[in-house]
1. Which one of these is free of Cβ contacts under 8 Å to residues at least 60 places away in the same chain, of a type in the set (A, V, I, L, M, F, W, C), outside any loop (DSSP other than H, G, I, E, B) and over 22 Å from Leu75 (Cα atoms): Val167, Val145?
2. Check region 95-105 and report whether any residue there is open to solvent by 20 Å² or more (accessible area, probe 1.4 Å), free of Cβ contacts under 8 Å to residues at least 40 places away in the same chain, of a type in the set (Lys, Arg) and in contact with a strand residue (DSSP E or B) (Cβ under 9 Å, 6 or more places away or on another chain).
3. Report, by residue number, each residue of region 93-137 that is of a type in the set (A, V, I, L, M, F, W, C) and touching a His at 6+ places or on another chain (Cβ under 8 Å).
4. Suppose the filter is of a type in the set (A, V, I, L, M, F, W, C), within 22 Å of Ile80 (Cα to Cα) and at pLDDT below 95; does Met171 pass it?
5. Has region 106-116 got any residue that is of a type in the set (Asp, Glu), within 20 Å of Ile182 (Cβ to Cβ), over 14 Å from the mean Cα position of the chain (by Cα) and open to solvent by 50 Å² or more (accessible area, probe 1.4 Å)?
Amino acid sequence: MIEFRNVRKVYSDITALDEVSFRIEDGEFVFIVGRSGAGKTTVTRVLLLEEKVNSGQIIIGEDDITTYPDRLIPLHRRRIGMVFQDFRLFPDKTAYENVAFAMRAVGTPAKEIRQRVPILLKMMQVEDKASHFPPQLSGGERQRVALARALANNPDIIVADEPTGNVDPEMSLIIMNLLKRINTVLGKTVIVVTHERALVDTMGERVITIDSGRIASDEGGEAASR
C-alpha cells in the first residue's frame, strides 16, 4: 500500500505538489497523468526519496518513508523497480549484462542470476536480444530490456516514468500491455506516469490527474471509488 498524505513539495518559489493526497492499494495498476510541469514526475522523485518533501507523509506499508535516515534510502529503493523514458541502459553492456548488473549490485548469487535473467528477458519478449548491446536495439527493445531490469530484484512496486515517450504508437501499446502483465501475473503494484492520455484511455485503469501540483481528478479503480 502506498499513501500520500497532504504532501507538499516546493522548489524555490514553485509549488510542485500542493497538499497532494491519494492511496494506491497493494497490487493496483494506476496511471498518473498531467501536462508537462504539472507535478507528476515530482511524485516519483519524492516516492524514491530523490527529493525531500516540505510537509506531509508518504506511507508505504506501515512506514512513513519521509522519516527514513539516509542509510535506509538504498534499501527502500530496492523495493521499487524504475523504468525511465530514456531507458538508462549501460551502452557497453549487453541486454543480458544490463539485467544481470542490477542483480549483482545487491549481491545476488551467480547461479540465481544465470537462472533468472533469461526468464525475465523471455517475459519481456527480448530473449533473442540477450547478446545485443543497447545501440543495436530498437527503442521498443531497449525499453523492454529496461522493464526486465526493473524486475531483476523482484521489487514490490514498478514505477514507469513516461515509458512510451521514445517508442512508436504500436510499441507503446505493447509496453503498456507488458506492464499490465507484470501487474496481473506477477502481482506487482504498477504506477505509470505519462502525458499520453489517449493511450491511457484505451487501458481502462484507474487514472489520477495532476494539474498545477494538485489532484484534479481520480477516476476508476476500487480506491478511487471510496
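The values are calculated or read from the model by the stated rules, or taken from the named source; none is laboratory data. Predicted model only: the values in this text are computed from it and were never measured. As a convention, Cβ positions derive from the backbone with ideal geometry for all residues, glycine included, and neighbour counts pool all protein chains shown. The accessibility values were calculated without ligands, DNA or RNA, using every heavy atom of the protein model including side chains. Shrake-Rupley method; radii C 1.70, N 1.55, O 1.52, S 1.80 Å.
1. Val145
2. No, region 95-105 has no match at all.
3. Passing the criteria: only Ala95.
4. no
5. Scanning region 106-116 turns up at least one residue that is of a type in the set (Asp, Glu), within 20 Å of Ile182 (Cβ to Cβ), over 14 Å from the mean Cα position of the chain (by Cα) and open to solvent by 50 Å² or more (accessible area, probe 1.4 Å).
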